[in-house]
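*Asks:* Quick one: structure below, then a few questions.
Read-outs: derived from the displayed coordinates by stated rules, not from any lab. These numbers come from a predicted model, not from an experiment. In this analysis, Cβ positions are derived from the backbone assuming ideal geometry, glycine residues included, and neighbour counts consider all displayed protein chains.
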Amino acid sequence: MSKKYIDITLSIFFIILAVLLYRSTASFPKSALFTTAVYIKFLASMLGIAGVIQLISSFMSDASVKVIFAKNPKKFFILILSLILYVWIIRYLGFIISTLIFLPVTMRYMGYHKFRKSIIISAGITLFVYVLFVKIFEIQLPEATILFGASL
């Protein structure tokens, strides 16, 4: 597929998304100067402007550049399936256990063969996400329903 047509399609998608985001703030109360609605309108405006700029530059670009989505389609398809499985497994094992299993296995499958280093990297990423969401943003991550018996 041509890069030009991919860029045009994505630009139109982001422009439509920007319009929908902007319109979603219509039901927000208009009482305060700095509200969530103002923030969403700002983000939608910036997204729309970026989409229009990208759309204009896409029309002026060379159409001969081809994009290869995956050198090995089978490996790409398996990666997508493993991501879907990971999201499904989080419900039962929780974020921490699922991530500590998923990341090293995926790294190994994608060609990274240093097992100990992949475990350390996975633990670091998991810890970073945990601290960021649970401690800083105060957002709970999914817990293991199998271990804690929570209702599904």
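*Asks:* In square nanometres, what is the average projected area of the Cα convex hull of region 50-152? List each step's numbers first, then the result.
*Replies:* Values: hull surface 42.3 nm².
Quarter of the Cα hull surface area: 10.6 nm².
*Asks:* Now for a separate question. Below 8 Å, C-alpha to C-alpha, sequence gap of six or more: please give me the relative contact order for the chain in percent.
*Replies:* On the way: 124 pairs, mean separation 36.1, N = 152.
So the answer I get is 24 percent.
*Asks:* What stretch of the chain, leaving out the sites themselves, is the longest with no trypsin sites (Lys or Arg not before Pro) in a DSSP loop having at most 10 other Cβ atoms within 10 Å?
*Replies:* On the way: sites that count: Lys30, Lys71.
In the chain, the maximal stretch lacking such sites is 72-152.
*Asks:* Report, please, the projected area of region 3-59 averaged over directions, based on the convex hull of its C-alpha atoms, in nm².
*Replies:* Working: hull surface 14.7 nm².
Spelled out: convex hull of the Cα atoms, projected over all directions, averaged, 3.7 nm².
*Asks:* For region 112-126, list residues with backbone N below 19 Å from a point placed 7 Å from the Cα of Asn72 toward its Cβ?
*Replies:* From region 112-126, the list is 112-115, 118.
*Asks:* Mind listing which chymotrypsin sites (Phe, Trp or Tyr not before Pro) in region 77-114 are in a DSSP loop and have 13 or fewer other Cβ atoms within 10 Å? Each step should come with its number before you reach the end.
*Replies:* Details: sites: Phe77, Tyr86, Trp88, Tyr92, Phe95, Phe102, Tyr109, Tyr112; in loops: Tyr112.
Hits after loop and neighbour filter: Tyr112.
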